[in-house]
Amino acid sequence: MNKLKDKVAIVTGASKGIGAGVARQLAADGAKVVVNYASSKSAADRVVADIQAAGGDALAVAADVTKRHEVELLVQTAISTFGRLDIVVNNSGIYQFARIEETTEELYRKQFDINVLGTLLVVAAAAPHLGSGGSIINISSNVTRVFPAESAIYTGTKGAVDAITGVLAQELGPRGIRVNAVNPGLVETDGTHAAGVIGSEFQRWNEGQTPLGRIGQVRDIAPIVCYLASDDARWVTGEVILASGGMR
């Protein structure tokens, strides 16, 4: 499919997990993709190699989304390389659950800086370069609907992302720029494996609460992002799309 032909996309945190799957799907749908990473150059290079092997066009670019000058350089690199910018996927994010008694300034600042400040800085840098038809997609989480215990900080960050999505849709809409969020449920990724979630009681609880009876896969999320990036979603903005197999 080429529904994103001639479009240029930035995907933050795209060296692995949902971000990598989104980058690959955007490229498969015809977009040129900037694969952003914070530290894992080798993983980002593998995503780029996969895209190129499939006939797509991609570039890996390092940038810490919590640093304005690095984000601005990321955007400028996309434009200088591919000539334009049409799609921004704010996927960079971290999570660390902790009991409320274990809350610290460090836990708060790290998660809010990456998940919330990072989203704001990327949009601030990208918005001046997005024309009418531009699309911003924020990757949030269904924790804003199910409120799991010991997730006060993380859920707080994603609640902020949902609210920011609505505000930016109002602010950027008059310029023809759409802003939406996708809120996945639990998804099997390298990260959820490394965190010990896969095969855990938490996974089993999720499956028991999900009408479709399983946790998500990256392939369940990436096409939704690509739909929102495409002209098929030209009349969709300010939406928070729950992608959790019905868990809410």
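FYI, it's all coordinate maths here, none of it is from the lab. Just so you know, these numbers come straight off a predicted model, no measurement behind them. Quick reminder, even Gly has a Cβ in these numbers, built from the backbone with ideal geometry, and neighbours come from all protein chains shown.
As an exercise, use a Förster radius of 22 Å and the Cβ-Cβ distance of residue 54 and residue 217 to find the FRET efficiency, rounded to the nearest 0.05. Please report the intermediate quantities before stating the final value.
On the way: r = 19 Å, r/R0 = 0.86.
For R0 = 22 Å, the calculated efficiency reads 0.70.
Nearest 500 deg cm²/dmol is fine: what mean residue ellipticity at 222 nm does the chain get from its DSSP H runs of n ≥ 4 alone, each adding -39,500 (n - 2.57), divided by its residue count?
That calculation yields -13000 deg cm²/dmol at 222 nm.
When the chain is modelled as a GNM with alpha-carbon springs shorter than 10 Å, which of 14, 149, 127 fluctuates the most?
Top of the fluctuation ranking is 149.
Given springs between every Cα pair under 10 Å in a Gaussian network model of the chain, which of 26, 168, 85 has the largest fluctuation?
Among 26, 168, 85, the largest mean-square fluctuation in the Gaussian network model of the chain belongs to 168.
Can you pull out the GluC sites (Glu not before Pro) in region 152-248 that DSSP calls coil and that have at most 10 other Cβ atoms within 10 Å? Walk me through the intermediate numbers first.
On the way: sites: 171, 188, 201, 207, 239; in loops: 239.
In loop regions of region 152-248 (DSSP not H, G, I, E or B), there are no sparsely surrounded GluC sites (Glu not before Pro).
Cα centroids of region 122-161 and region 1-46: how far apart, whole angstrom?
If you average the Cα positions of each part, the centres end up 18 Å apart.
Determine, for region 1-159, the count of lysine pairs separated by eight or more sequence positions (or lying on different chains) whose alpha-carbon distance falls under 13 Å. Walk me through the numbers on the way to the answer.
Working: 3/32; 5/32; 7/32; 16/41; 67/110.
Lysine pairs, 8 or more places apart or on different chains, close enough: 5.
For a quick check, take a GNM of the chain with Cα springs below 10 Å and name the residue from 116, 146, 71 with the largest mean-square fluctuation.
Checking each option, the largest mean-square fluctuation is seen for 146.
Dipole magnitude of the chain about its Cα centre, charges +1 at Lys/Arg Cβ and -1 at Asp/Glu Cβ only, in debye to the nearest 20? Intermediate values should be presented prior to the final figure.
Working: 23 positive and 25 negative charges, 92 e Å.
Dipole of the chain, to the nearest 20 debye: 440 debye.
Would you be so kind as to identify which of 141, 94, 8 lies farthest towards the positive end of the dipole of region 1-149, taking Lys and Arg as +1 and Asp and Glu as -1 on Cβ and the Cα centre as origin?
Of 141, 94, 8, it is 8.
Once the Cα atoms of helix 41-53 and of the chain are each reduced to a long axis, what angle between those two axes, in degrees from 0 to 90 to the nearest 10, is obtained?
It works out to around 60 degrees.
Give me the distance between the Cα centres of region 61-100 and region 174-215, rounded to whole Å.
If you average the Cα positions of each part, the centres end up 21 Å apart.
Hey, what D do you get for region 1-94 in µm²/s if you plug the Kirkwood alpha-carbon radius into Stokes-Einstein at 10 °C and 1.306 mPa s?
Values: Rh = 12.6 Å.
Calculated translational D: 126 µm²/s.
With Cβ to Cβ distances under 13 Å as the rule, what net charge do the other residues near residue 244 carry (K, R +1; D, E -1)?
Working: positive: 145, 158, 214, 248; negative: 207, 220.
Every neighbour counted, the sum reads +2.
Which trypsin sites (Lys or Arg not before Pro) does region 1-52 hold that lie in a coil by DSSP with at most 16 other beta carbons within 10 Å? Before the final figure, lay out each step's value.
On the way: sites: 3, 5, 7, 16, 24, 32, 41, 46; in loops: 3, 5, 7, 16.
The qualifying sites are 3, 5.
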